[in-house]
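Beneath this line is the structure, given in structure tokens, with notes to follow.
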Amino acid sequence: MTSPPRPSGGLALRAFGLMASIVALGSFASGAPAAGADPYSLEAQALLSASETELALRVGGPRLPARLEKVQVKTWPAGAEEAVTRNFFDVPAPAGVATLHLGWPGRGDPLEVHAHLKDGPQHNLAAATTVLRRPDLTVTKIAVPADIVRTRSFQVTATVGEVGGDIGANAQVELFDGPSATPIASASATVAPGATADVSFAVALAKPGEHALRAVVSDSAPAEWDVAPNEREQAIYVNHYGENGVVATDHALATQIGVDVLRNGGNAFDAAAAVQFALNVVQPHFNGIGGGSNIVVRDGRTGELYAIDARETAPAATTPTTYSGLTQADIRPNGFAVGVPGTLRAVDYLLERWGTTTLADALEPSIALAEEGFPIGHHLAREIPIALPRFQPETRQVFLNADGRPRAPGDVLRQPDLAKTFRLLARDGVAPFYEGEIAEAIVEAQRRANTPARQGRMTADDLRAYAIDVEPPLSLTYGGYEVFSPGTSTNGGVVLLESLGLMREFLADPRTDGYAWGFATRNSLHVFIEAMRLAFADRDFWLGDDRYTNVPLTGLLHPDYLRTRSSLIDPETVMCNPVRPGDPLPYVEAEAAADDPEAAGHTTHFSIIDRWGNAVVMTSTLRDAFGTGITVPGYGFLLNDTLGLFNLAPRANPATGNPGANDAAGGKRPMGNVAPTLILKDGEPFAGTGSFGSGFIPSIVLNVVLNLLEYDLPLQQAIDAPRLWTQTAAGAAQLNFGFDHLITPLRDMGHVGPTFGGCADNMNRTPLPPLLNVGSAGSFGVDLESFELNGAADTARFPDASTAVVDRT
């Protein structure tokens with residue numbers, strides 16, 4: 001009995017192509033005749049799929065037939081005593097290729113094929129073959145480099161295996177990034193029976209973070225059995241940058257500790273915690289767990305930014321008149337200047353929310369540093385004799401030699417009590433500091449006073465109730481960049497951003513078309529000073545702790561307000577004193593806010609970025625060098641004198657509209673000056689910076705920001721460049737060396753006091769050091785084309801400073 005053919009011209013043509021591929025792989029059975037015999041020949045191949053056996057025949061000869069008159073197929077199934085024979089008639093064979101679909105042969109069964117065709121005389125052709133299983137392809141492995149950086153080409157190798165073992169195949173391999181339907185690369189593969197073949201792709205991925213590379217094998221020739229999976233997925237991480245990170249701090253030992261954290265797999269938050277504790281050890285006069293901090297962070301995974309306010313708060317017993325009738329000198333060396341410290345709470349928060357290590361891990365290197373000691377640096381040695389009159393006995397014991405002389409540069413400073421405190425925190429967390437034995441010691445220590453009746457009013461309840469504030473940072477757009485800085489309890493961020501916005505609007509004003517502009521020019525420095533004077537005037541009236549008063553932040557930074565305010569800057573002449581605050585209230589819903597006294601003091605700043613795009617810019621302070629001069633007995637850390645930053649006399653006055661936003665109050669944060677600053681472009685970190693320098697901080701940071709964004713200076717040049725620095729609305733300003741040629745032109749514009757014919761305060765060149773050293777703006781930067789990290793240290797002004805780019809090793 002014969003079986004009818006299943007003709008299909010399309011299938012036949014496809015079979016011809018498949019057979020050509022199979023011949024190349026050496027798996028086709030030929031029945032070619034010997035020389036001098038019939039000029040026609042027959043080749044056969046039988047491939048088994050899950051449902052049938054497909055028999056492909058190819059006729060060779062002088063003229064390829066379109067049809068075979070008869071095809072006989074004979075097979076000997078395993079275990080059968082006799083052959084099974086089937087006949088097919090009038091079988092289509094376009095271009096000499098015929099395809100038959102057989103139901104009975106199994107894998108390994110021998111086939112004998114006879115075909116008849118007519119080209120004039122009858123031609124009887126024969127071929128023999130064995131039923132082979134179709135190829136079954138799978139991706140067995142995807143190999144990628146261990147270190148992948150976005151936008152940089154890397155090699156991906158997909159290994160394709162044939163698991164059936166009977167026959168090989170040609171196929172297409174496509175590489176996908178996650179679930180995308182569009183491949184990012186493709187290539188062909190030739191796989192021998194039962195073997196594997198490697199296919200390599202050079203690819204680059206622009207988006208950092210987690211990816212899943214998916215290799216898919218398809219278009220197999222011959223078609224697959226298709227039992228094995230045709231794809232495989234490989235999870236990879238695409239690094240933001242080619243380096244592990246950057247650590248910029250004000251002391252080489254702290255920088256090295258941060259570098260070690262990044263090198264050992266920690267992130268920027270882990271490094272920030274370790275650096276902060278290290279700076280407490282090596283710069284105890286600047287900062288520590290007895291003080292406060294402001295921080296701007298970027299979460300590299302989500303891209304979200306946060307400002308963390310961990311500045312000191314006033315004890316509940318503080319009133320607006322607590323400091324009435326006193327001077328700063330009256331306040332600083334006494335316990336009633338001590339605010340409830342926040343730095344430790346902030347560090348703990350960084351680790352809990354974003355860190356990968358523990359508080360104990362962060363403290364470990366600083367415990368050893370405090371116990372074993374370190375050589376005293378330039379700035380610490382310089383400040384000891386200046387602050388000596390404020391020192392309590394425990395502070396003298398730490399920072400003076402046995403003969404009573406101040407410790408000198410290079411002397412080894414050991415702080416066993418601080419090491420003991422750090423061990424306690426490592427063991428028990430922050431609880432002992434805010435409600436345990438350390439809290440009790442803080443309360444007792446701040447009852448110290450160099451002046452009678454000026455003991456501190458802090459209680460255990462004040463410490464227990466302390467909380468940090470976490471909110472989005474303030475921001476302002478400048479030249480395609482977004483500049484972020486913290487909010488109102490530190491005026492520095494607001495003053496920085498408002499000054500920057502005033503300069504932006506001045507330059508956009510049609511009246512300044514053609515106004516000569518550029519780095520280190522008379523005009524650029526003139527507008528810098530005038531913009532800061534306007535911002536300081538607004539600060540002195542509107543800014544304060546926004547938990548206690550409505551600060552019109554959106555109004556102060558509103559483009560329309562900035563445009564109106566910048567119109568007060570005359571391109572050729574100086575504003576005469578007094579420079580008055582503006583009225584931002586029409587630009588926001590009903591709000592009100594604060595002001596700040598001039599301040600002299602010290603902070604420390606550090607900037608850190610890691611390979612994952614996490615960034616921390618953090619400024620910590622005790623306010624003045626050595627704070628109040630009170631060291632907590634037995635625990636080895638100094639207490640701040642931050643509450644002296646309140647308005648000494650209340651300024652709230654309904655008649656004038658002054659909100660008295662920086663008047664003292666229980667639980668309130670006095671307005672500081674720090675301005676840790678993070679700059680982004682299109683959501684990508686571009687630079688992180690900040691500085692110490694008390695009331696001069698906003699102007700110091702503004703110099704760096706303008707150097708980067710307005711004048712396009714490379715990062716190190718932006719840090720090294722001469723600076724202009726100022727801190728009041730009156731206009732007193734200093735120019736660093738390098739701006740000497742601009743002094744006379746600026747004075748001619750009126751940047752001098754009335755004694756010299758001007759109507760503002762004097763502008764002068766910086767006198768001899770140490771004033772040359774104002775500021776230490778260690779920073780990190782990102783090349784947004786190559787995604788390489790770089791750093792800059794401000795060592796020309798602050799020799800102790802240190803910045804390191806952390807490579808992958």
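Quick notes on this one:
- Remark: the ASP119-SER324 segment gains 61.7 nm on full extension, using 0.36 nm per residue and subtracting the alpha carbon distance.
- Averaged over its residues, the chain has an accessible area of 36 Å² per residue, based on protein heavy atoms and a 1.4 Å probe.
- Counting only DSSP H runs of at least 4 residues, each contributing -39500 (n - 2.57), and dividing by the residue count of the chain, the helix-based mean residue ellipticity at 222 nm comes to -7500 deg cm²/dmol.
- Remark: accessible surface ordering of HIS101, HIS378 (largest first) is HIS378, HIS101, probe radius 1.4 Å.
- Apportionment of accessible area to carbon and sulfur, the chain, percent (1.4 Å): 52 percent
- Distant-in-sequence amide H partners of ALA449 (H built 1.01 Å from N, under 5 Å): GLY335
- Gain on full stretching of the segment that runs from GLU684 to THR573 - 0.36 nm per residue minus C-alpha separation: 36.1 nm
- For the chain, with +1 on Lys and Arg beta carbons and -1 on Asp and Glu, the positive-most of ILE468, PHE89, PRO365 along the dipole: PRO365
- At R0 = 41 Å, FRET efficiency that the Cβ-Cβ distance of TRP76 and ALA187 yields, to 0.05: 0.45
- The distance from the alpha carbon centre of segment 126-163 to that of segment 657-700 is 57 Å, rounded to a whole number.
- Based on alpha-carbon atoms, the Kirkwood radius and the radius of gyration of the chain give Rg/Rh equal to 1.26.
- Difference of contour (0.36 nm per residue) and Cα-Cα distance, TRP104 to LEU64: 11.5 nm
- Cα centroid separation - segment 282-329 against segment 56-85, whole Å: 91 Å
- In straight-distance terms, cross-link reach from LYS681 covers every one of the lysines whose alpha-carbon lies under 30 Å from its own, apart from those fewer than eight places away in the same chain; here that gives LYS207.
- Ranked by solvent-accessible area (1.4 Å probe, protein heavy atoms only, all chains present), the residues TYR481, TYR241 order from largest to smallest as TYR481, TYR241.
- A simple rule links phi to the HN-Hα coupling: the Karplus curve 6.51 cos²θ - 1.76 cosθ + 1.60 with θ = phi - 60°, which for segment 121-131 gives x, 6, 10, 9, 10, 9, 8, 10, 7, 10, 6 Hz, with x for Gly and Pro.
- Solvent-accessible surface (1.4 angstrom probe) belonging to HIS558, in square angstrom, nearest 10: 60 Å²
- Label sites at ALA649 and GLU372, each approximated as a point 7 angstrom past Cα along Cα to Cβ, lie 5.5 nm apart.
- Among 417-425, 444-452, 113-121, 625-633, sorting by the average number of other beta carbon atoms lying within 10 angstrom of each residue, highest first, gives 625-633, 417-425, 444-452, 113-121.
- Cα-centred dipole magnitude for the chain, charges only on beta-carbon of K, R (+1) and D, E (-1), debye, nearest 20: 360 debye
- Between segment 346-384 and segment 460-539, the alpha-carbon centres lie 31 Å apart.
- For the peptides 726-733, 492-499, residues were scored by their other Cβ atoms within 10 Å and the scores averaged per peptide; the highest-first order is 492-499, 726-733.
- R0 of 22 Å, Cβ-Cβ distance GLU352-ALA465: FRET efficiency to nearest 0.05: 0.70
- Contact order, relative form, for segment 333-431: 40 percent (alpha carbon pairs under 8 Å, 6 or more residues apart, mean separation divided by residue count).
- Solvent-accessible surface of protein heavy atoms, probed at 1.4 angstrom with all chains present, puts LYS70, LYS668 in the order LYS70, LYS668, largest first.
- If R0 is 35 Å, the Cβ-Cβ spacing of GLN172 and THR85 corresponds to a FRET efficiency of close to 0.35.
- q = 0.10, 0.12, 0.15 Å⁻¹, segment 309-388: log10 I(q)/I(0) [Debye, one scatterer per Cα]: -0.46, -0.65, -0.91
- Close amide H pairs (under 5 Å, H built 1.01 Å from N) link ASN673 with ASN491, GLY492, residues at least 5 positions away or on another chain.
- The order of the peptides 187-193, 508-514, 345-351 by mean Cβ neighbours within 10 Å, most packed first, is 345-351, 187-193, 508-514.
- Projected label distance in nm at THR809 and PHE756, using a 7 Å step from Cα toward the beta-carbon: 5.3 nm
- Other-chain or far-sequence residues with amide H under 5 Å of LYS141's (modelled H): THR159
The values are calculated or read from the model by the stated rules, or taken from the named source; none is laboratory data. These numbers come from a predicted model, not from an experiment. Backbone-built Cβ (ideal geometry, glycine too); neighbour counts: all protein chains shown. We work out accessible area using only protein heavy atoms, side chains counted, and drop any ligands, DNA or RNA first. Shrake-Rupley method; radii C 1.70, N 1.55, O 1.52, S 1.80 Å.
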